[in-house]
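Down below is the structure, laid out as structure tokens.
The values are calculated or read from the model by the stated rules, or taken from the named source; none is laboratory data. Remember, predicted model here, so these are calculated numbers, not experimental data. Ideal geometry is used to build each Cβ from the backbone, glycine not excepted, and the neighbour counts take in all protein chains shown.
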Amino acid sequence: MTTDKLQIVRDCYRAYETGDRELLEHRIAPDYVFSAPPDVGLDRATYFERCWPNAAALARFDYVRLLEAGEEVLVTYEATRRDGTRFRNTEIHAVAGEQMVRTEVYFGWDLE
């Protein structure tokens, strides 16, 4: 597998688009920590329990920003749900080796 941080992060979004949990499990470290406004400091198991079910509702991510900054990748995306509705978020992913070790989500807004 590649050690390209941008590709590692893209793989994680692709896992949500395709429903490929195995790919996501491969790309997320055992000590992964996920934080978003309603859920700060989730461990890997809790992340999969609370967040992975959203994959069923998501169809596509279009990147507005995808930038590597040291050990982190900054992503702003516009996501399309399977029902056609859309929203925009920004996320910061810390990458070590070939896996994401931390994600911080900053919610955006719904798009028309």
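Before moving on, here are some points about what is shown:
- Restricting the stretch 21-30 to residues that are in contact with a helix residue (DSSP H, G or I) (Cβ under 7 Å, 6 or more places away or on another chain) and surrounded by fewer than 18 Cβ atoms within 10 Å (Cβ to Cβ), the residue that is nearest to I8 (Cα to Cα): L23
- For the stretch 82-111, a residue qualifies if it is over 15 Å from C51 (Cβ atoms) and either in contact with a helix residue (DSSP H, G or I) (Cβ under 8 Å, 6 or more places away or on another chain) or free of Cβ contacts under 8 Å to residues at least 12 places away in the same chain (or both), and the qualifying residues are R82, D83, G84, V95, E98, Q99.
- Qualifying residue in the stretch 90-107 (condition: surrounded by fewer than 15 Cβ atoms within 10 Å (Cβ to Cβ), at negative phi and in contact with a strand residue (DSSP E or B) (Cβ under 6 Å, 6 or more places away or on another chain)): yes
- Failed item, numbered, when L111 is tested on (1) at pLDDT 95 or above; (2) surrounded by fewer than 12 Cβ atoms within 10 Å (Cβ to Cβ): (1)
- Selection status of Y106, of a type in the set (S, T, Y), more than 19 Å from D11 (Cβ to Cβ), out of contact with any Cys (no Cβ under 6 Å at 6 or more places or on another chain) and in a strand (DSSP E or B): yes
- Candidate set from the stretch 74-112 (those that are within 12 Å of the chain's Cα centre (by Cα) and hydroxyl-bearing (S, T, Y)); member that is nearest to T18 (Cα to Cα): Y77
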